[in-house]
Amino acid sequence: MAPGNRGARKRPSTSDVVEAESADQGASARERILAAAGELFAEHGFNATPTSRIAERAEVPKGLIHYYFRRKQDLLTALVDGLPDELVASDRVAVRGDVAGSLRRLVGELDARLESSLLLSHLLWREADTHVVVREALQRRFRAVVEQIRLVIELALPPGPASCDIDTAALLLARVVNHRHSVARHGAHDDELEREISFIARALELGVGKPRKVKPA
């Protein structure tokens, strides 16, 4: 091998790619690689998982990983990009005059989405402290949850002028949901959630119909 080529990765042959793409009843090699990487990163951590182990679990040649993903970091980015979004149709869960029930339904929908992607959610929380792409994904998802809670509150509040702080209420409940999801991988359950929703809903409803205080100039 020439000195300039030492350490260069060997690209897989065309036959390797064709064979991998046609295997497992049409499941692409790329999908199998991502599935294997997600499982192994969640089980052992990103840094402790070599690409050779990913290739072994995905049942593809190791060089095929670098065909689809130039760097190991690109695998993590692709997994984050593939997470289901957290968007829930606000008008589907919100009922006018029932703030607590509306928030319960929203949280139930968010919990269901977490359950459908528990492995990848585990991966997010595990790698958040060491990888910027993961940390940014968690921040985006948190902001999306805050906005959804705010919209549901607005739709569910009884008619009348509202002097309550909807933005702060949405932020507080989003933090509760965030914590609940961050510990879900440990099988933990937040038994205080019902009381927290009831407390927030009651505080919001008490602020409806009362004149908003105007701060002096």
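Computed from the coordinates by the stated procedures, all read-outs in this text should not be read as laboratory data. All figures in this text were calculated on a predicted structure; none of them were measured in a lab. As a convention, Cβ positions derive from the backbone with ideal geometry for all residues, glycine included, and neighbour counts pool all protein chains shown.
Using 7 Å Cα-to-Cβ label points, what is the Gln139/Asn47 separation (nm, one decimal)?
2.1
What is the extension gain from Ala78 to Arg202, computed as 0.36 nm multiplied by their sequence separation minus the C-alpha to C-alpha distance, in nm to one decimal?
40.5 nm
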